[in-house]
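Note sheet for the following structure.
The values are calculated or read from the model by the stated rules, or taken from the named source; none is laboratory data. This is a predicted model, so every value here is computed, not measured. Please note: Cβ atoms are built from the backbone with ideal geometry, for glycine as well, and neighbour counts cover all protein chains shown. To get the accessible areas, we keep the full protein, side chains included, count just its heavy atoms, and leave off ligands, DNA and RNA. Shrake-Rupley method; radii C 1.70, N 1.55, O 1.52, S 1.80 Å.
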Amino acid sequence: KAGVTQTPRYLIKTRGQQVTLSCSPISGHRSVSWYQQTPGQGLQFLFEYFSETQRNKGNFPGRFSGRQFSNSRSEMNVSTLELGDSALYLCASSLKGGTFTGELFFGEGSRLTVL
Amino acid sequence: DQQVKQNSPSLSVQEGRISILNCDYTNSMFDYFLWYKKYPAEGPTFLISISSIKDKNEDGRFTVFLNKSAKHLSLHIVPSQPGDSAVYFCAASASGGSNYKLTFGKGTLLTVNP
């Protein structure tokens, strides 16, 4: 069973640019979450999608947005990049079924560097 | 406002000994707690979890203890192995499991020395 796939793995952007990151969840998983990992803040929740609907959103500015497609694949976009957006962006999928037990399956992440 | 705290950034233990990783939380609404392990250049992987209705959950070498009154949980690894060297994240969720949002601590780097 293929795992969660994130592309691109590494990218470098300059301030003011925008970036789009892609995530393909495990086949059959319908919930996709995004997290930002930085050395100072650890993993912080960005948003979660299920059936193309955003169900939860973290405390990030509106420059951070996302969407989910009918095949459960998800993208997140960061506009007007700032130096502080440099981070590892992790996507995680979960098989919705009853109570959420917290077992998220993470991809390897997309490492964004903003210069 | 950090709702999940891992106060030890790092921990070093000898192979074969016990590793104890600690985590404190402040949000009383948290009712499900998890530990994730992360190796460099990989995404976190789920390790073990515990519901707030329990005070202990065991899976092989890994045991998680929950003290609700103290809002504290710990992960015990016995015996520790060099392959356990990784960053361990404590995480929590609220709303009876219907909320797919996890709140993570900042992690503890465990080093197990041969």
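Assorted remarks:
- B:Asp1 versus A:Ala2: modelled label distance in nm, points set 7 Å from Cα along the beta carbon direction: 4.2 nm
- When chain B is treated as a Gaussian network with alpha carbon springs shorter than 10 Å, the biggest mean-square fluctuation among B:Leu73, B:Leu102, B:Leu21 belongs to B:Leu102.
- When the Gaussian network model of chain A links Cα atoms closer than 10 Å, the mean-square fluctuations of A:Gln41, A:Gln17, A:Gln68 top out at A:Gln41.
- Taken per residue, the accessible surface of chain A reaches 47 Å², heavy atoms only and a 1.4 Å probe.
- Cα gyration tensor shape for chain A, rounded if a/c is under 1.5, else prolate or oblate: prolate
- Coil-residue GluC sites (Glu not before Pro) of the range A:22-97, DSSP, other Cβ within 10 Å capped at 12: A:Glu82
- The range B:47-101: Cα Rg divided by the 2.2 N^0.38 Å rule of thumb: 1.24
- Proximal charge balance of B:Phe89 [Cβ under 11 Å; K/R count +1, D/E count -1]: +3
- Distance from the Cα centroid of the range B:43-88 to that of the range B:4-37 is 7 Å (rounded to whole angstrom).
- Close amide-amide hydrogen proximity is noted between B:Glu15 and B:Asn113, each under 5 Å apart and 5 or more residues distant or on a separate chain (H modeled in the peptide plane; Pro and chain starts excluded).
- In the range B:1-50, burial by the other protein chains removes 30 Å² or more of accessible area from B:Tyr32, B:Tyr36, B:Lys38, B:Ala41, B:Gly43, B:Pro44, B:Phe46, compared with the chain on its own (1.4 Å probe, ligands and nucleic acids ignored).
- Rounded to the nearest whole Hz, the Karplus-based 3J(HN,Hα) values (6.51 cos²θ - 1.76 cosθ + 1.60, θ = phi - 60°) of the range A:20-30 follow the sequence 10, 10, 10, 9, 10, x, 4, 4, x, 7, 10, with x at glycine and proline.
- Most mobile of B:Glu42, B:Glu58, B:Glu15 in a GNM of chain B (Cα contacts under 10 Å): B:Glu42
- Across the range B:42-53, rounded Karplus estimates of 3J(HN,Hα) from the backbone phi angles (6.51 cos²θ - 1.76 cosθ + 1.60, θ = phi - 60°) give 10, x, x, 10, 5, 10, 7, 9, 8, 7, 5, 7 Hz, Gly and Pro being marked x.
- When accessible surface is computed with a 1.4 Å probe, chains A and B are found to bury approximately 1900 Å² between them, both chains counted.
- Across chain B, the relative contact order, built from alpha-carbon pairs under 8 Å that are at least six residues apart, equals 37 percent.
- Accessible-area composition of chain B, carbon plus sulfur, in percent [1.4 Å probe]: 49 percent
- Quarter of the Cα convex hull surface for chain B, i.e. its orientation-mean projected area (nm²): 6.9 nm²
- Set of the range A:5-49 residues, backbone N closer than 14 Å to the point 7 Å along the Cα-Cβ line of A:Glu82: A:15-17
- In Hz, Karplus ³J(HN,Hα) per residue of the range A:32-42 (6.51, -1.76, 1.60; θ = phi - 60°; x = Gly, Pro): 10, 10, 10, 10, 10, 10, 10, x, x, 10, x
- For the protein assembly as shown, a Kirkwood radius taken over Cα pairs fed into Stokes-Einstein (37 °C, viscosity 0.692 mPa s) yields D = 182 µm²/s.
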